[in-house]
Amino acid sequence: MTTTTFSSTSPLDGSVVDTFPVHSPDDVDAAVDRARRAAASWRALGFAGRRRVLRAWRRDIVAHLDDLISLVRAETGKPRGDARLEIMLTLDHLAWAATHAPRILRRRRVGSGVLMLNQHASVGYVPYGVVGVIGPWNYPVFTPMGSLAYALAAGNAVVFKPSEYTPGVGAWLQRAFVRAGGAADVFAVVTGFGPTGAALCRAGVDKVAFTGSTATGKAVMAACAETLTPVVIEAGGKDALLVDEDADLAAAAEAAVWGAYSNAGQTCIGIERVYAHAKVYDRFVEAVAERTRELRAGTGDDATLGPLTMPRQADVVRAHVADALARGATPRVGSVPGAGTTVQPVLLTDVDERSSAVRDETFGPTLVVNRVASMDEAIEKANAVRYGLSGAVFSKRRGRELALRLRGGMIAINSVISFAAIPALPFGGVGDSGFGRIHGTDGLREFAYPKALTRQRFPLLTLTTMRRTATVDHIVERIIRALYG
Ligand code: NAD
């Protein structure tokens, strides 16, 4: 059994929020074993029984909302308003997954084709068993719940390893599940650092849902490869917002500022780059700069942005801004952040496309705005990074066309990040942003494997026999020629 512990500390004042065990590989194995035993009864509850528990869980979270908001604020440092918004969106997903799981996952009949007319064919979705969920700290409720709610609704037990920066939020969600009548082993939490997450990948779980950085995603996938354990990887992003010459500039500026700076820029689907058409570039930059100057990062209740949650992220922000400036960028608002984790918003324009502020995930309150001569150039530049998570397009006439050409799993037209709040839409990316989907129909099916069944209703043209006659072959050939000739 584990004896080592670690503490989560608040980015607001460095105080200890709570202390947790560093779970060892043996502890993780034991949690997965218990989850496997509990999984059978969770699955046996059926869709209706699970829906009852998940709805009670939702009500419990609402009943203790202020408590959860305070804990999210304490562990991440984000303003209360941001914590509240994150939880509201999560509740919508929890409701959607519980309500729609039966319709999406229940066994359904499919056509059996002319040659197999005598077969009744159907497909149903079977829960994997035990799903290991590994989460980040930036949205400690919303992000893991995209896997937790959908995996549980699909009939799996879950062992969750929250980020070492937000273990308290993970443990809180588990306690709420138990208060709502869920079994403690159906949704278990293990705490610790990277090695605890790595142990979860190797503990015999039937699937891993990972959300975090691209580098860790690769390590998770390598660990899962040892046992051919399937994975969902929700990794980083470098999302772009495109501004066309006919865009509503005030709306685009508002969206760019919110997309870039909310949650102090620590949003996987945050906007880190803007490509604005030369005809509107100057006016757009002015509108963004004006709004950026209104923001203030701090630890007090009046701050619009909190401090960065992870101290070393401030070094990344400093390095990216310094690199951009060294390559000739213009600092329109702010400049290289000073020491500490309270980082004031930075707006850079005319940034060299080779700089790290354009190519790599910054994950801080910075925004790059570059001028383009055409929307074709905007698309080309936006798509020239390894990431492909999400994006946004502001255009009156060409929104749909540009959105379809922008690389990424989720694109918003004339708004930003709105897809994340629509539970029916799948969430996930391509390239270095990962693969697989949470949310929506695809998100439910990610946590269940399709199982095909055929039942012979009456004998007809039996093809799978060594005694098949030449007449049968002849008939089959005639059918094939008639159908496909
Ligand atoms: P991270 O990769 O450092 O950590 C994520 C989780 O993985 C943590 O729980 C960590 O303890 C665990 N971990 C670390 N090493 C591990 C290993 N070897 N094996 C297994 N688990 C291990 O990421 P982070 O700093 O917590 O989160 C920020 C990153 O997450 C950003 O890149 C952001 O873009 C990304 N993110 C992506 C999404 C999405 O849905 N695509 C959502 C939120 C955050």
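Bear in mind that the values in this text are calculations on the coordinates, not laboratory data. This one's a predicted model, so the numbers in the text were calculated from it and none came from an experiment. When we count neighbours, we look across all protein chains shown, and the Cβ atoms used for this are built from the backbone with ideal geometry, even at glycine.
In this structure, the pairs whose alpha-carbon distance is over 19 Å, taken from K161/K218; K207/K238; K218/K381; K78/K218; K207/K451, are K207/K238; K218/K381; K78/K218. Full extension of the chain between A63 and R37 yields a length gain of 6.3 nm, computed as 0.36 nm times the residue separation minus the alpha carbon distance.
May I ask for the net charge around T362, where only other residues with Cβ less than 9 Å from the Cβ of T362 are counted and Lys, Arg are +1 while Asp, Glu are -1? Charge balance in the 9 Å sphere: -2. Given 25 °C and 0.890 mPa s, compute D for the range 251-379 with the Stokes-Einstein relation, Rh being the Kirkwood radius over Cα pairs; round to the nearest whole µm²/s. Value of D from the Cα-based Kirkwood radius: 170 µm²/s. Kindly provide the Kirkwood hydrodynamic radius of the range 143-287 in Å, to one decimal, from all pairs of distinct alpha carbon atoms. This gives a value of 17.8 Å. Diffusion of the chain by Stokes-Einstein, at 10 °C in a medium of 1.306 mPa s and with Rh set to the Kirkwood radius over alpha-carbon pairs, works out to 66 µm²/s. If R0 is 51 Å, what FRET efficiency do you get for F193 and V472 from their C-beta distance, rounded to 0.05? The value I calculate is 0.20.
The residues packed around G155, meaning those with a beta-carbon under 9 Å from its beta-carbon, carry a net charge of +2 if Lys and Arg are +1 and Asp and Glu are -1. Modelled spin-label separation between A225 and R106, with each label point placed 7 Å from Cα along the Cα-to-Cβ direction: 4.1 nm. With each label modelled as a point 7 angstrom along the Cα→C-beta vector, the Y449-T464 pair spans 1.9 nm. Roughly how many Å is it from the Cα centre of the range 363-409 to that of the range 250-326, as a whole number? Answer, in whole Å: 16. Between T330 and E377, the simple spin-label model (points 7 angstrom out along Cα→Cβ) gives 1.5 nm. Listed by chain and number, the lysines whose C-alpha is less than 17 Å from the C-alpha of K279, apart from same-chain residues fewer than 8 away, are K396. The smallest convex shape that holds all Cα atoms of the range 250-310, its convex hull, gives 84 Å³ per residue. One chain, two ends: R283 and D302. Fully extended at 0.36 nm per residue, the span grows by 3.9 nm beyond their Cα-Cα distance.
Per-peptide packing, taken as the mean over residues of other Cβ atoms within 10 Å, places 172-183, 131-142, 11-22 in the sequence 131-142, 172-183, 11-22 from highest down.
Measuring nothing but alpha carbons in the range 27-186 and taking Rh as the Kirkwood radius, the Rg to Rh ratio lands at 1.07. Calculated FRET efficiency, A184 to H120, Cβ-Cβ distance, R0 = 56 Å: about 0.85 to the nearest 0.05. Convex hull volume per residue, computed on the Cα atoms of the range 127-208, equals 74 Å³. Computed from the C-beta positions of D248 and T19 and an R0 of 60 Å, the FRET efficiency is 0.75 to the nearest 0.05. Mean sequence separation of contacting Cα pairs (under 8 Å, at least six apart), scaled by the length of the chain, corresponds to a relative contact order of 17 percent. Across the chain, the longest piece that holds none of the GluC sites (Glu not before Pro) lying in DSSP loops with up to 11 other C-beta atoms within 10 Å covers 1-225.
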